[in-house]
Amino acid sequence: MICTLSKKGRIIRGILGVAIIAAGVHFQSWWGALGAVFILGAVLSFCPIDGLCRSGKDKSEPESDKKCGGHCK
């Protein structure tokens, strides 16, 4: 899998996911379930929307230069 998130991006998405879930619980809304998507993206270090946004950019960056901590192949 190709990593599309840096370590900082993963941390931000994880915190945002927890905050969305907490707001959903507080307001008793199903919109809080959206936070699970952010947490899943943080855990997998993959964001499909980010991949779509980068589709027109130069893809010549080698896999080893990705900032995913070396756990993605």
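The values are calculated or read from the model by the stated rules, or taken from the named source; none is laboratory data. These numbers were taken from a predicted model, which means no experiment stands behind them. Glycine also receives a Cβ, built like all others from the backbone with ideal geometry; neighbour counts cover every protein chain displayed.
Key figures for this structure:
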item: SER45 vs. criteria at pLDDT below 85 and either surrounded by 14 or more Cβ atoms within 10 Å (Cβ to Cβ) or of a type in the set (Val, Ile, Thr) (or both); result: yes
item: Residue count for region 8-32, restricted to those that are outside any loop (DSSP other than H, G, I, E, B) and surrounded by fewer than 12 Cβ atoms within 10 Å (Cβ to Cβ); result: 5
